[in-house]
1. Between GLU64 and ARG16, what is 0.36 nm times their sequence separation minus the Cα-Cα distance? Round to one decimal in nm.
2. Net charge near ALA93, counting Lys/Arg +1 and Asp/Glu -1 over other residues with Cβ under 13 Å of its Cβ?
3. How far, in nm, would the chain grow between ALA83 and ARG47 when pulled straight, counting 0.36 nm per residue and subtracting the alpha carbon separation?
4. Is there a quick way to get the dipole size of segment 2-130? I mean about its Cα centre, with the Cβ of Lys and Arg at +1 and of Asp and Glu at -1; what is the value in debye to the nearest 20?
5. If you average 1/r over all unlike Cα pairs in the chain and invert the result, what Kirkwood radius do you get in angstrom?
6. So what's the net charge close to ASP103: Lys and Arg +1, Asp and Glu -1, counting the other residues with Cβ under 14 Å from its Cβ?
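Read-outs: derived from the displayed coordinates by stated rules, not from any lab. Here the structure is a predicted model, which means the values were calculated and not measured. So basically every Cβ, Gly included, is an ideal-geometry build from the backbone, and we count neighbours across all protein chains shown.
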Amino acid sequence: MNTLVLDTGALIALDRNDRVAWTALRDASTADDNIRVPSGAIAQAWRDGARQVLLTRALSHCDEVALAGSLARAAGLLCGRAATADVIDASVALTVAGAAGNDTVAVLTSNPDDIRHLLSVLNADAHVVEI
């Protein structure tokens, strides 16, 4: 099975009805792939659920990865190791790394350079797709 991880930029693209983002989500959903979104990315994109019908629809296909406990601490540690400050990007990278052991993983992101840097610090491999 494959895994698709979405970051905040991907969620915003879905909310704006971006064709590339919707195609990636539809293809992953149709293939019964795992689709994961860190909860912090949802928090960054969520503004008004009553007006974000497309985002709500997209999230119905996703498994939310909670940014709590050990993942929260790991995100902070990763930021320190990578000399970065964005714990949400770090949680995206950790979500990718967590799935990479058994799956082929793709990450849909608006910050490909940041995600690649974090993945390199983790020695994790993923197909990074810029949205």
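1. Length difference between fully extended and current span is 15.3 nm.
2. -3
3. In short, 10.0 nm is gained.
4. 260 debye
5. Final number for the Kirkwood radius of the chain is 14.4 Å.
6. Spelling it out: positives minus negatives among the neighbours equals -3.
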